[in-house]
Structure formats: C-alpha cells, structure tokens
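Colleague: Structure provided below as structure tokens; questions to follow.
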Amino acid sequence: MVSRDESERWRRSEAIADACLELPTERRAHFLVDRCRDDSELLEAALDLVLAAEEAADIPTPVWRPRAGDVAPQTFDAAEDIDRFEVGEKLGEGGMGIVYRAQQTEPVERQVALKVARHPIHGEGQTRLAIERQAMAKLQHPNIAQVLEAGSTAEGHPYFAMELVEGARPITQYCDRRRLGVDSRLRLFLEVCSGVQHAHQKGIVHRDLKPSNIVVRSPDPGDTTPTAKIIDFGIAKVLEDEALPPSLTGGQILGTPAYLSPESLSGAAADTRTDVYSLGVVLFELLVGRQPFPRRDGETPLMHLQRIVDSPGAPRLSRAWSQLDSAARSERARALGTSPRALDRRFRGDLQWILQAALAVDPDARYATVAELASDLGRFLRNEPVLVGPPSRRYRLRKFVSRHRTASISALLVTLSLVGGLVARTFEADRANREARDAALARDENARMLDFVLDLFAASDPAESQGRELSARDVLKRGTEQLNSGDLDESPRVRARLLGEIAEIHWALGDPREGLTLAEQALALNREDLGALHPETAGSLHLTGT
C-alpha cells in the first residue's frame, strides 16, 4: 500500500510539474531546481512528470496520465510463479523491471532470465506490446540474448523470457578483470556493433545501451574466444512507449542519462544514431575507465542531465586521459595490460577521431549507422586510414608505411636519397643566386620535385602496384618513364635535376650504364635550357664523367 506521506509527495510533485509546464522550455530546468532545491526526491518526481508530459504531448490516448488525487499503482511483487515459469532468485533490477532466474516448464523445460515489468499495461497498450514482441522475436544474432517468449501476468504486468547468459559480466568489468589490451577490447566491441546493427536492420533501436546491458561470457572449455551478448534489446523501448507512470520508473524513463544522446535527453525521437552515441560512451568507458560526463559529487540527476544537454560536445579522448592523475593513469594502464606512455600515443589520432564522430552532439555529424562506426574501428585495427581522419596525403602515406614496412623500404631509400640531394641543391641554389625572383623560382621547383617524389613513393603501395611489391629499381624505372613520357607538366630544369638525382642513385646501386644514360639526358636538357656555362650544366657534365 502507498503511505499518506507518499501520496502527499505525489500531489506536491504534480503541482510543481504543472506550474513548470506553464513556463517556456528553456526556463523549466532552473524553475525545478529552485522549487525543489532541498528535496532531491521531490525534484526527481517532479522532473519525471515534466519529462513524461512533454513526451506524451503527441500521444492522443495515453494508457495512463497522472491527475490530481491519483496515487501510485501497485508495483509487481513476484511472490508467486508466473504462468509456465517457476520464479527463482532475483538476478537484477532497473527502472523498468525486475529480472529473475526462472525455470520454464512448458512447452519445453529450460532455464531462462525472466524480466517482469514493474507496472501493468492494459487496453490498447497490450496490442502495441504484441506487435513489439513479434519484432523482437525476429532478432536472431549470436551477440543478442534472444527473447524466447513473452506475455502478461493476470494483473497486466508484461514479462519477457530471455536467453539466460550464465556467468556473464558487464563488458567493462570483464575487460578490466582479464586485463585486455586496446585491440582485444575493440574486437569484442565489434561483436556488440554487429548485434546492434542486426537489430537496426530489423527496425529495432535499443535506446538503453550501457555496460550492464552488454555482458561477456567467458569462453567455453576448449575455446579461447569470449562472447559478447546484448541483453534487454528493445524491451526498454517497448515499456517506455506505453507511457507508464514516470515517477515510478526510478528516474530512468529516458534510460541512464550518462549513456544517452543529447537529443534523447531533450525529448527527441530516438533513431539509429541514438544507439551510435550510446555505443560511443561505452567505448569511451572501455578505454579511459569512465564516461565522458560522469556524475559529479553533489550533483542532482536534473543537474547532471542539464549539464549533458548544455555541453558543446564530449571531451576528447586524449584530454580525458590527461585529466586523470598519475595514480589513476597507472592503474588504468595495468587494466589494459600496457603502460601509461603507450596509452598516451594510442589515445591520440585515429581513436580520438572515431570517438568524436560517435559522440557528436549534432546527430547529422555523427556516424549515420553502427556499421559505419564498426567499419572505421576495423580500419584502425588494420592500421588503415579511417574515414573520419584528415584527408591529407601525409596522413595516408604514414598509414601506408606503418602497414607495409617491408614493401616500402626500397622506395623509402630512394626517397631519402632524392630528398637529401634536393636539400643540398637547395642550399647551393641559395648561395649562387640571392635574387628574390630566383629564390621564389627555386622554391617552386623544389615543391614540384617533392610532389614527384611523393607520387613515386606512393607507387610502392600494393593497392597502386596491383599487389606486387616494388624494388628500388622498379621505382626508379617508373620515375624515369614518367619524366620521359611528356605527361608531367615540369620545366626542363626540374626534369634535368630529377634525372640527375635518379642517375646518381643508379650509380650507387651498381648500374653505371643506366646512370650514364640518364646523366646524358640531364646534360642535354640543361645545355638547351640554361646554356653550356651555367653551374647546373657543369654539374650534369661532371655526372657524366667527361
């Protein structure tokens, strides 16, 4: 039974909520804090009513709506078995329901996890529930705990019999206890992404993704691979859509604020990008050990919610990591089986860009699908350029070198030789000619030569060479063909300098015949363009050995 004090609190919270709803939206949060400053329970109850009223504004016939004089309906009490299920120990509970271990007796005998809604649903709500149950029954994925059966108690409390995941722990706890490294955590997280994407393809959004709803089961004997399972998939959505009494949901009518997207906290309709944001928060916590917006000491639920909504964006991964004190960083590094210095490097660049895209405040700036998020994480693990990374040539070349060290070593030697020669010749040109026009011309020529070198270096990428690893001679041959093809829009002076550099490398590689041929070509270009007495013509002449 509900006590008189609880009924009085209910009436007070409703009066405050009614007054709050008369105000413009931007003033409501401050009004609630001011009216309930010394009573956190009253604040939560009033906040729940305001949020529910805003959500229910577009619902023509809500199942239940608080009115003056109403008292809270009786919540579920599992004192007896339910239909074909013998109810056992309580496994957990949340704002929407309670989960029990249960033994199903018909039509098959099996152990299940039985989730029972705290509050009853009647009338039209039961019809909508039946539709949602059919949708959830279509979820057949190894990383989703399957809904086996569903129904309602005699009092109207919906229940869901789900696959029982024995010995599983929340993904954050599992990874920390096993001291899994960054890459191992990402591979496990990709399993979660696969399950969420499958549900999205079936038209179901979870809306309450958090570590406690993503569990990991230890490998079976003889197996070395753990399995991630998403539980409660779609159940939170089913129950919330029925406009249940908000003050009876433990302050979680919108899910867990720390894991919800800003638009969800503002009352907007959920779509697949809502789950992308929640997955971003879970990944952030898997890496750093805390959420992007952890609840502060002394902060009320409303203040926490308002801070998330008002934030311009989640903190960068590297910044959140640097804000931890040295002891916390050392402890976190041990949990990831590495050193703080190694994490300093891992938490910059690609991973940081991926999380920024997943946690963008604007849904349009976020990954549009979970598949896109998973695709970039896969690229990161393969050391490939991520789609949200900078579209610069230097970034892509750096990623290529780290992937194909052996394949690129010959091209790297060629590049170093060419760049070294370019630097030396740049100094010579500066000393020989102090005029501004000539200096500008030299810079332009050097820029053209460097672009040529970068293109030459990129040619050793197997993607460009059709999978064949190129030797130094292959790279030099390709460069010579480009210079002699006439396709390059380069001055005779630039072509002569490049041919001279390649000729010197051929001499160093023990190919004097090819080196002499190229040196003679460079000499001919310089004589025609600069004249016989120019210093660069003399340099070409010296290179031919005459």
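Colleague: With all protein chains present, calculate the accessible area of S491 using a 1.4 Å probe and round the result to the nearest 10 Å².
Modeller: Ignoring ligands and nucleic acids, S491 comes out at about 40 Å².
Colleague: With every protein chain present, what accessible area does R35 have (1.4 Å probe, heavy atoms only), rounded to the nearest 10 Å²?
Modeller: Only protein atoms counted, so the area is about 120 Å².
Colleague: How fast does the stretch 297-348 diffuse by Stokes-Einstein, in µm²/s, taking the Kirkwood radius from C-alpha pairs at 10 °C and 1.306 mPa s?
Modeller: 124
Colleague: At 7 Å along the Cα-to-beta-carbon direction for both R290 and T153, put a label point, then send me their distance in nm to one decimal.
Modeller: Here the modelled spin labels are 4.0 nm apart.
Colleague: Between R527 and K477, what FRET efficiency follows from the Cβ-Cβ distance if R0 is 41 Å, with the result rounded to 0.05?
Modeller: Calculated value: 0.95.
Colleague: Using modelled amide H (1.01 Å from N, peptide plane; none on Pro or chain starts), what sits under 5 Å from the amide H of E93, excluding residues fewer than 5 places away?
Modeller: Under 5 Å from the amide H of E93: V99.
Colleague: Next question. In terms of solvent-accessible area of protein heavy atoms at a 1.4 angstrom probe, what is the ranking of V216, V33, highest value first?
Modeller: Working: V216 0, V33 30 Å².
Listed by decreasing accessible area, they come as V33, V216.
Colleague: Give me the extension gain from L21 to A365: residue separation times 0.36 nm, minus the current Cα-Cα distance, reported in nm with one decimal.
Modeller: Details: separation 344, 0.36 × 344 = 123.84 nm, distance 3.13 nm.
Computed gain between L21 and A365 is 120.7 nm.
Colleague: State the percentage of accessible surface on the stretch 265-387 attributable to carbon and sulfur atoms; use a 1.4 Å probe and exclude ligands, DNA and RNA.
Modeller: 47
Colleague: For the stretch 498-546, rounded, prolate or oblate, judged on the Cα gyration tensor with a ≥ b ≥ c (square roots of eigenvalues), a/c < 1.5 rounded, else prolate if a/b > b/c?
Modeller: prolate
Colleague: Collect residues whose amide H, placed 1.01 Å from N in the peptide plane, falls under 5 Å from the amide H of I144; neighbours closer than 5 in sequence don't count.
Modeller: Residues meeting the criterion, in which the H sits 1.01 Å from N, are I230.
Colleague: Name the residues of the stretch 266-305 whose amide N is less than 13 Å from a point 7 angstrom out from the Cα of R319 along the C-beta direction?
Modeller: 292-293
Colleague: Once both labels are modelled 7 Å past Cα along the beta-carbon direction, what's the A268-A327 spacing in nm?
Modeller: 4.1
Colleague: Give the calculated FRET efficiency between Q173 and D34 to the nearest 0.05, with a Förster radius of 41 Å applied to their Cβ-Cβ distance.
Modeller: 0.55
Colleague: Assuming R0 = 51 Å, what is the FRET efficiency of R11 and R348, from their Cβ-Cβ distance, to the nearest 0.05?
Modeller: 0.40
Colleague: To continue, here is another question. For labels at S184 and S375 in the simple 7 Å Cα→Cβ model, what's the distance in nm?
Modeller: 3.0
Colleague: Sorted by accessible area with a 1.4 angstrom probe, largest first, how do R290, R497, R382 fall? Each step should come with its number before you reach the end.
Modeller: On the way: R290 55, R497 10, R382 130 Å².
Solvent-accessible surface, decreasing: R382, R290, R497.
Colleague: If you don't mind, there's one more thing I want to ask. Quick one: length gained pulling T544 to V108 fully straight, 0.36 nm per residue minus the C-alpha distance? List each step's numbers first, then the result.
Modeller: On the way: separation 436, 0.36 × 436 = 156.96 nm, distance 9.04 nm.
So the chain would gain 147.9 nm between T544 and V108.
The values are calculated or read from the model by the stated rules, or taken from the named source; none is laboratory data. Computed from a prediction, not measured in an experiment: that's the story for all the values here. Methodologically, a virtual Cβ is constructed for each residue, glycine included, from the backbone with ideal geometry; neighbour enumeration extends over all protein chains shown. Heads up: the accessible areas ignore ligands, DNA and RNA and are worked out on the full protein's heavy atoms, side chains in. Shrake-Rupley method; radii C 1.70, N 1.55, O 1.52, S 1.80 Å.
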